[in-house]
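Working notes, structure below.
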There are 4 protein chains.
Amino acid sequence: MPTGPDRVDPRITRSRRAVLDATLAELAARGYGGLTIDGVATRCGVARSTIYRLWPDRAALVADAIDALNEQPPPLPAGDETPRERIATLVRHLADAMRSSPVAACLPALIDGAERDPTVRRLHHHYNDRRRAALVAAIAAAVETGDLRSDVDPELAAVAVAGAVVYRRLMTARPLRDDEVEPLLGTVLGW
Amino acid sequence: MPTGPDRVDPRITRSRRAVLDATLAELAARGYGGLTIDGVATRCGVARSTIYRLWPDRAALVADAIDALNEQPPPLPAGDETPRERIATLVRHLADAMRSSPVAACLPALIDGAERDPTVRRLHHHYNDRRRAALVAAIAAAVETGDLRSDVDPELAAVAVAGAVVYRRLMTARPLRDDEVEPLLGTVLGW
Amino acid sequence: MPTGPDRVDPRITRSRRAVLDATLAELAARGYGGLTIDGVATRCGVARSTIYRLWPDRAALVADAIDALNEQPPPLPAGDETPRERIATLVRHLADAMRSSPVAACLPALIDGAERDPTVRRLHHHYNDRRRAALVAAIAAAVETGDLRSDVDPELAAVAVAGAVVYRRLMTARPLRDDEVEPLLGTVLGW
Amino acid sequence: MPTGPDRVDPRITRSRRAVLDATLAELAARGYGGLTIDGVATRCGVARSTIYRLWPDRAALVADAIDALNEQPPPLPAGDETPRERIATLVRHLADAMRSSPVAACLPALIDGAERDPTVRRLHHHYNDRRRAALVAAIAAAVETGDLRSDVDPELAAVAVAGAVVYRRLMTARPLRDDEVEPLLGTVLGW
DNA sequence: CTTTAATCGAGACGGTACGTCGGGTCTTTCT
DNA sequence: AGAAAGACCCGACGTACCGTCTCGATTAAAG
C-alpha cells in the first residue's frame with residue numbers, strides 16, 4: 001500500500017484550524033500573558049492532549065496563530081486612481097481596521113507578546129513593515145507626481161500617519177473615526 | 001486647632017515604596033498578565049502577607065503602581081524660547097523616553113492591562129492625555145505665532161507626531177532616534 | 001448482568017495508600033491538632049492537590065486514616081484452650097499493643113480528636129467497643145465455666161482490666177509490662 | 001541596700017491570672033495542638049504582646065497553666081470512717097471529676113500534650129501519681145484491716161479501679177455513673 | 001501632684017498553612 | 001492507532017493566624 005503524497009489526516013487539519021481560531025480569540029480576550037492552553041481547548045471543544053500533540057508548547061502555538069492571523073490576505077483595495085485617493089483609502093482602511101478587525105483585537109496581545117518572545121517580536125515587526133510598505137509606496141508616488149512636497153520623507157510620513165491611527169487606538173479612549181482621516185491628512189500632509 | 005499629626009508608620013511607607021517599585025519592575029519584565037504577587041514579593045524581599053495587608057488584590061496593586069509610575073513628574077523642560085524649539089524639545093524628550101524610561105519599559109504591559117481592566121484603562125488614557133496636552137499647547141502656540149500654517153489642527157498634529165514616536169517603539173524594531181526627530185518634524189509640520 | 005469492571009486507576013490506589021500511611025505517621029508524631037495537610041504531603045512525597053482531589057478536607061482525611069488504622073485486623077489470637085488462658089492472652093496482647101503498636105502511637109491523637117470532632121469520636125468509641133467485646137466474651141465464658149465468681153460483671157471487669165493497661169500507658173510514665181499482666185489478673189479477678 | 005518586698009505590679013498579677021484561666025479554657029476547648037496565643041489573648045481580652053512579655057513561648061504558658069490547674073487543691077474528702085467507705089468515696093469522687101471537673105475537660109489536651117512535650121509529660125505523670133496515692137493508701141489500709149484479700153496488690157488494684165473510670169471517660173461514649181461505682185468495686189475487689 | 005518607668009494595646013512584619021484553581025506532563029482507557 | 005479523560009506535580013491565589021517586633025498611650029510608683 002503506497003503511502004500517500006504526504007497526506008494529512010483530515011481530523012488533524014480540522015483540529016488545527018479550530019485550535020488556531022480559538023487561540024486568536026483567546027489572545028484577543030485574555031492577552032498574551034493570559035492565554036492558556038486550557039482556555040483554548042475549552043473554547044474549541046478539543047482535548048488539551050490534542051493541542052499538546054500538535055504544538056510543542058504555548059510559544060509555538062501562539063506564533064502559529066499569529067502567522068495565520070496575518071496570512072489571511074487583507075482585502076487590499078487595489079488600483080486606485082490618484083496617489084492622493086489611494087493614500088486616503090489606505091488610511092481609512094487602517095482606521096477601520098483599528099476599530100474592528102481581528103488584528104486590532106489582538107494588537108495589545110501582539111505588542112505584549114513581542115516584548116516577551118523573540119519569535120513573536122519578529123513576526124509582529126515583519127507584518128507591520130509589510131503593511132506599512134503600501135502606504136510608503138503611495139506617499140512616494142504622491143511625491144513623484146508632485147502631489148506632495150518633495151522634502152517629504154515617505155517613510156517618516158507613513159509612520160506619522162499610521163502612528164496617529166495606532167496611537168488613537170492604543171493610547172486614548174477614542175480610536176480614529178473615518179471622518180477624522182481627511183483632517184488628519186490635511187494637517188500632516190498639508191492638504 | 002491644627003490638623004492632627006496623621007502619622008503613618010514609617011514601616012508602611014517603606015514597604016509600600018519597595019512593593020510599588022518591584023511591581024513596576026515585574027510589569028516591565030513579565031507584562032500585565034504575567035505579573036504575580038509572589039514574584040513581586042520575592043523581588044522586593046517583602047512577605048506576601050504584607051502586600052495583601054496594603055492592597056486588596058492584584059488589580060489594586062497594579063493600578064497603584066501605574067499611578068505611582070505616572071505621578072513621578074517627568075522633568076518637564078519648561079520655559080523654552082520659541083514654540084518651535086519647545087516642540088522639538090518635547091518630541092525629543094518623548095523619543096528619549098520611548099527608548100529608555102520606566103514608562104516605556106512598562107508600555108506593553110500598560111497597553112495590555114488597559115485592554116483587560118477598566119481601571120488601568122482609565123489611568124492609561126488619563127496620563128496619555130495629560131502628557132500629550134503639553135505638545136498640543138506648544139503646537140497651538142506655534143499656530144498662534146504663525147510658525148505653523150493656520151489650518152493645522154493642533155490636536156491631530158500632536159497625535160501624528162507622538163504617534164510616530166510610539167509607533168516606532170511598539171510596532172517596529174527601531175525606536176525613533178534623536179536625529180530622526182528633526183526630519184520627522186520637517187515632514188509632518190512642513191519645516 | 002454482571003457489575004462492570006469498576007476499575008480504579010492504579011495511580012489512585014497508590015496515592016491513597018501512601019497518603020493514609022503518612023497521615024497516621026503525622027498523627028502519631030504531631031497529634032490531632034498539629035496535623036497538617038502540608039506535612040502529610042511532604043512526608044509521602046505527594047502533591048497537596050492530589051490529597052485535596054481525594055479528600056474534601058483535613059477532617060475527612062483524618063477520619064479515613066483512622067478507619068484504615070482500625071480496619072487492619074489485628075492478628076487476633078483465636079481458639080485458645082481455657083477461658084482463663086484466653087483472657088491472659090488477650091490482656092497480654094493489649095499490653096503489648098499499648099507499648100508498641102501504631103494504634104498506641106496514635107492513641108493520644110485519637111483521644112484528642114475524639115474530643116473535638118464528632119466523626120472521630122464515633123470511630124474511636126466504635127473500635128474500642130469492638131476490641132473490648134472479645135475480652136468481655138472471654139470473661140463471660142470464664143464465669144460460665146466457674147473459673148470466675150458468678151457475681152463478676154463481665155463488662156465492668158473487662159473495663160477494669162483494659163482500663164488498667166490503658167491508664168498505665170496514658171497517665172503514667174511506665175506502660176504495663178508483660179510480667180505485670182499475671183499479677184494484675186490475680187488482683188482484679190482474684191486468681 | 002535591701003531589695004523591696006518583691007512588690008509586683010498589680011497589672012501583672014491581674015493579667016497573669018486572666019491569661020492562665022483563659023489558657024485552661026482554650027486547652028479544654030481546642031486541645032494542646034489547637035491552642036493558640038491569639039485565642040487565649042482574645043478570650044481574656046489581653047493583647048498578644050502582654051502574653052509574650054510574661055511567658056517566653058507557648059510551651060511555658062501551657063506548663064504554667066497546667067501547674068495552676070493542679071495546684072488548686074481538690075477538696076479532698078478527709079477522715080472517713082472505714083477503709084472500705086473511704087475507697088468508695090475516693091472512686092466516686094474520681095468518677096464525678098471525670099464527668100465534670102476542669103481537669104477532665106483538659107484531660108485529652110493533657111494526654112496529647114504529654115505525648116509531645118517533656119515538661120507537660122512530667123507534670124501530667126507527677127499529678128496523676130499524686131492523685132492515685134490516696135487510693136493506693138486506702139486500699140493498702142483495707143488489706144491491713146482484712147477488708148481485702150492479702151494477695152491484692154494495692155498499686156495494681158488502684159490502677160485497675162482508676163483505670164476503669166478513666167477508660168470509660170476517654171475510650172467510650174459513657175463515662176462511669178455514680179451508681180456504677182459500687183458494682184465496679186464489687187467486681188474488682190470482690191465485694 | 002508631678003515625674004519616671006513599666007505595662008499595656010495596637011498593629012506591621014515575615015512566615016506557614018489553608019482550601020481553590022488552573023497549567024502542563026504523562027498515563028490509562030476507550031472507540 | 002488515535003483521541004478523550006483525567007491523575008499527577010507544581011505554583012499562585014487570597015485568607016487566616018502565628019510569633020516577633022516596634023511603637024505611642026496608659027497607668028502605677030517614687031520623688
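With the contact rule set at Cα under 8 Å and sequence spacing of 6 or more, what percent relative contact order holds for the stretch B:69-189? Spell out each step's value before the answer.
Values: 93 pairs, mean separation 39.5, N = 121.
Computed value for the stretch B:69-189: 33 percent relative contact order.
Which residues does a label at residue C:191 reach in the stretch C:84-106, if reach means a backbone N under 12 Å from a point 7 Å past the Cα toward the Cβ?
It comes to C:84-93, nothing else.
Cα convex hull of the stretch B:4-61: how many Å³ per residue? The partial results should precede the final answer.
Details: hull volume 4.7 nm³, N = 58.
Taking the convex hull of the Cα positions in the stretch B:4-61, it is 80 Å³ per residue.
Quick one: dipole size for chain C, taken about the Cα centre, charges +1 on Lys/Arg Cβ and -1 on Asp/Glu Cβ, in debye to the nearest 20. Intermediate results must be reported in sequence, preceding the final value.
Working: 25 positive and 26 negative charges, 179 e Å.
Dipole of chain C, to the nearest 20 debye: 860 debye.
If I take the rotation axis that carries chain C onto chain D, which residue of chain C has the nearest beta-carbon, and at how many angstrom?
C:33, 1
When you look at the Cβ of every residue in C:164-177, what mean number of other chain Cβ atoms sits within 10 Å?
Values: counts 12, 4, 6, 13, 3, 2, 13, 16, 6, 8, 1, 0, 3, 0.
Across the residues of C:164-177, the mean count of other-chain Cβ atoms within 10 Å is 6.
Picking from B:140, B:113, B:165, whose Cα lies most toward the positive end of the charge dipole for chain B (charges on Cβ: Lys, Arg +1; Asp, Glu -1)?
Most positive-ward Cα: B:113.
Hey, got the average number of other protein chain Cβ atoms within 10 angstrom for residues in D:13-19? Spell out each step's value before the answer.
Details: counts 0, 0, 0, 0, 0, 0, 0.
Other-chain Cβ atoms within 10 Å of each residue's Cβ, averaged: 0.
Which part of the stretch A:108-146 falls in the paramagnetic zone of residue B:42, meaning amide N under 20 Å from the point 7 Å along Cα-to-beta-carbon?
A:116-117
How many nanometers, to one decimal and shortest first, lie between the label point of residue C:68 and those of its other copies, if labels sit 7 Å from Cα toward Cβ?
Those separations, rounded to one decimal, come out as 4.1, 4.5, 4.7 nm.
Considering only C-alpha atoms, what is the centroid distance from the stretch A:31-45 to the stretch B:30-64, in Å?
Computed from Cα coordinates, the inter-centre distance equals 24 Å.
For the protein assembly as shown, count all C-alpha to C-alpha pairs, find those more than 49 Å apart, and express that count as a whole percent of the total.
Here the tail beyond 49 Å accounts for 49 percent of pairs.
Report, as an integer, the average count of C-beta atoms from other chains found within 10 Å of each Cβ along B:30-42.
Working: counts 4, 10, 6, 10, 6, 1, 0, 0, 0, 0, 0, 0, 0.
The mean count of partner-chain Cβ atoms within 10 Å per residue comes to 3.
With charges set only on the Cβ (+1 for Lys and Arg, -1 for Asp and Glu), what does the dipole of the stretch A:136-191 come to about its Cα centre, in debye to the nearest 20?
Values: 5 positive and 9 negative charges, 71 e Å.
In total the dipole reaches around 340 debye.
In degrees from 0 to 90, rounded to the nearest 10, what is the angle of the helix C:118-144 Cα long axis to the longest principal axis of chain C?
30 degrees
Between the label point of residue B:150 and that of the same position in each other copy, find the distances and list them shortest first in nm, with every label point placed 7 Å from Cα along the Cα-to-C-beta direction.
Relative to the other copies, residue B:150 has label-point distances of 3.0, 13.4, 13.8 nm.
Along the positive direction of the dipole of the stretch C:21-67 (beta-carbon charges: Lys, Arg +1; Asp, Glu -1; about the Cα centre), which of C:52, C:28, C:65 reaches farthest?
Result: C:52.
Evaluated at 25 °C with a viscosity of 0.890 mPa s, what Stokes-Einstein diffusion coefficient in µm²/s does the stretch C:69-189 have when Rh comes from the Kirkwood expression over alpha-carbon pairs?
My calculation gives 163 µm²/s for D.
So if I place +1 on the C-beta of Lys and Arg and -1 on the C-beta of Asp and Glu, and nothing else carries charge, what would the dipole magnitude of the stretch A:99-157 be about its Cα centre? I want it in debye, nearest 20.
Around 300 debye, computed over the stretch A:99-157.
The stretch C:136-160 to the stretch C:165-187: how many Å between their Cα centroids?
19 Å
If the chain between residue A:172 and residue A:68 were fully stretched, how many nm would it gain, using 0.36 nm times the residue separation less the Cα-Cα distance?
Separation in residues times 0.36 nm, less the Cα-Cα distance, equals 34.6 nm.
Taking neighbour counts of Cβ atoms within 10 Å as a proxy for exposure, in what order, fewest first, do C:124, B:125 appear?
Least crowded to most crowded, the residues run B:125, C:124.
Values in this text are rule-based calculations from the coordinates and carry no lab data. No experiment lies behind these values; they were computed from the predicted model shown. Glycine also receives a Cβ, built like all others from the backbone with ideal geometry; neighbour counts cover every protein chain displayed.
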